1. Restricting to the stretch B:346-356, what's the tally of residues that are more than 9 Å from chain A (Cβ to nearest Cβ) and either crowded, with 23+ Cβ neighbours inside 10 Å or free of Cβ contacts under 8 Å to residues at least 40 places away in the same chain (or both)?
2. Of all residues in the stretch A:3-51, which are touching a residue at least 40 places away in the same chain (Cβ under 8 Å), crowded, with 17+ Cβ neighbours inside 10 Å, more than 14 Å from chain B (Cβ to nearest Cβ) and more than 23 Å from residue A:101 (Cα to Cα)?
3. Considering every residue within the stretch B:90-108, establish whether at least one is farther than 27 Å from residue B:229 by Cα and either buried (at least 19 other Cβ atoms within 10 Å of the Cβ) or free of Cβ contacts under 8 Å to residues at least 60 places away in the same chain (or both).
4. Would you mind stating whether residue A:138 is more than 14 Å from chain B (Cβ to nearest Cβ), out of contact with any strand residue (DSSP E or B) (no Cβ under 9 Å at 6 or more places or on another chain) and surrounded by fewer than 22 Cβ atoms within 10 Å (Cβ to Cβ)?
5. Quick one: residue B:65 ticks every box in (1) under 30 Å from residue B:360 (Cα atoms); (2) not assigned by TED's automatic domain parsing to the domain that holds residue B:332 bar one, so which box is it?
6. Can you tell which of B:351, B:386, B:391 is at pLDDT 95 or above, within 27 Å of residue A:29 (Cβ to Cβ) and not assigned by TED's automatic domain parsing to the domain that holds residue B:203?
7. Hey, any hits in the stretch A:66-77 for a residue that's within 14 Å of another protein chain (Cβ to nearest Cβ), over 16 Å from residue A:130 (Cβ atoms) and surrounded by fewer than 21 Cβ atoms within 10 Å (Cβ to Cβ)?
8. Is there any pair with a first residue in the stretch B:296-321 that is surrounded by fewer than 17 Cβ atoms within 10 Å (Cβ to Cβ) and a second that is in a helix (DSSP H, G or I) and at pLDDT below 95 whose Cβ atoms are under 9 Å apart and which are 6 or more apart or on different chains, and what are they?
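The values are calculated or read from the model by the stated rules, or taken from the named source; none is laboratory data. Here the structure is a predicted model, which means the values were calculated and not measured. All Cβ positions, glycine included, derive from the backbone under ideal geometry; neighbour counts span all protein chains shown.
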């Protein structure tokens, strides 16, 4: 099991501790609040993700063959989801990100509580992360 | 006879379901209303027993279907108090009705002339005119709205001039709920011989529509926002205008005579109804009108006004709520934001509790710009909503604020 799979498994186990969706949401929101801040200067048009209903910005830095992601959103639930994505993908190599399977959002049982618009926003975020991985993989 | 609004919920089978384990509370009626059993039954019966093309077939079913669709036209005529059936054109909805008029005006309006709309219009009463602006180099002027969400009508006098060729205005704002003073606008317009088009999408089923009293030249609305099916709508137009306007699309049904090189057109309404119409939609709409008439619009209006006032009162107790649109003349639509919470987060959490609202700009971006906000949360009521649902909604809003903050 590589690092990406391991972290996903940890997240799923962490969310399994909560019985109902409200507690899961509260946990997700807490994670969003604790996330590393994205400096204001990065919150610009060029870093914004198309296809999200709330504003989402993602930036990436390539150092020691790993990609570090920083991100933010003005909506707190979205921010919680981003914090999970970053936990999984930030600090990984471009190739590992490109090859990764990800199903943890479904497994933590929140997907059915995300509206279709939010779910497609999630796709847009993951696409952006993969796009960065593709650029740095060259 | 007093109406039991308690029992009305039973007429709408969709409302019996649960969402995420919670009873469905449907507060998205400004987007579309649910359908009562009689409308669903009628649609079902039409395809089971009557389906046939109209106006042409030389057989029983075709006669029957023609009778039904023309019967629906009569019902619509009575519903909005038009003078004749010839003034009632079936369209796919309010959006197509407005587009029809805007398209026909391409032949009527000239470069440099002007159209007046307002800052509170839905995009469907903005974009058709902007397209016309692009094609014909005309000017669009906007009636301002004030902080409460009312039109600044003294502004209108300054906007009207000899170049003004149309005033197009919503009857009820889909975002703010404001019921506009159409009679006053029409009075002003008539004194200068300017036609008035009313986007009535949010009005039927909530307030009385009388096009003769309003004296507007065009009135547009959709069936699906008044308990009817989707894909059917109405354009009312005063006969002289319909005679003057060229056809908007070509096809069957709209012609008197076609030779290899020439055509002569049928009279309105058929001139504007090329192709097989939405027969089933029209029949469903007739049934929806019957449903409204049985309860009586004045009873609905009284019930909804009381529910609106109750909701505003209860929501006012939540100090984080800020209302957007506080006109004294309001349809049962409440737009609001919650300080410190993102609209989408609130909408998502409400959905999880089985409460359907809309969040965003509601296709009215100029309002958002004018009010200096990104969007709102919108709860819009219909006759099947009640005070108990409002209480539950407020209770969940409080809970959501606690979770999100």
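1. Residues that pass the stated criteria total 2.
2. A:35
3. Initial filter on the stretch B:90-108 (farther than 27 Å from residue B:229 by Cα): B:105-108.
Narrowing further to those that are either buried (at least 19 other Cβ atoms within 10 Å of the Cβ) or free of Cβ contacts under 8 Å to residues at least 60 places away in the same chain (or both): B:105-106.
Yes, some residue in the stretch B:90-108 is farther than 27 Å from residue B:229 by Cα and either buried (at least 19 other Cβ atoms within 10 Å of the Cβ) or free of Cβ contacts under 8 Å to residues at least 60 places away in the same chain (or both).
4. Numbers: more than 14 Å from chain B (Cβ to nearest Cβ): yes; out of contact with any strand residue (DSSP E or B) (no Cβ under 9 Å at 6 or more places or on another chain): yes; surrounded by fewer than 22 Cβ atoms within 10 Å (Cβ to Cβ): yes.
When the stated conditions are applied, residue A:138 passes them.
5. So residue B:65 meets the others, but not (1).
6. Details: B:351 fails: at pLDDT 95 or above; B:386 fails: within 27 Å of residue A:29 (Cβ to Cβ).
None of the other options fit; the residue is B:391.
7. Quick first cut of the stretch A:66-77, residues within 14 Å of another protein chain (Cβ to nearest Cβ) only: A:72-77.
If we keep only those that are over 16 Å from residue A:130 (Cβ atoms) as well, we get A:72-77.
Keeping just the survivors that are surrounded by fewer than 21 Cβ atoms within 10 Å (Cβ to Cβ) gives A:74.
Yes, the stretch A:66-77 contains a residue that is within 14 Å of another protein chain (Cβ to nearest Cβ), over 16 Å from residue A:130 (Cβ atoms) and surrounded by fewer than 21 Cβ atoms within 10 Å (Cβ to Cβ).
8. Final answer for the pair search is B:299/B:5.
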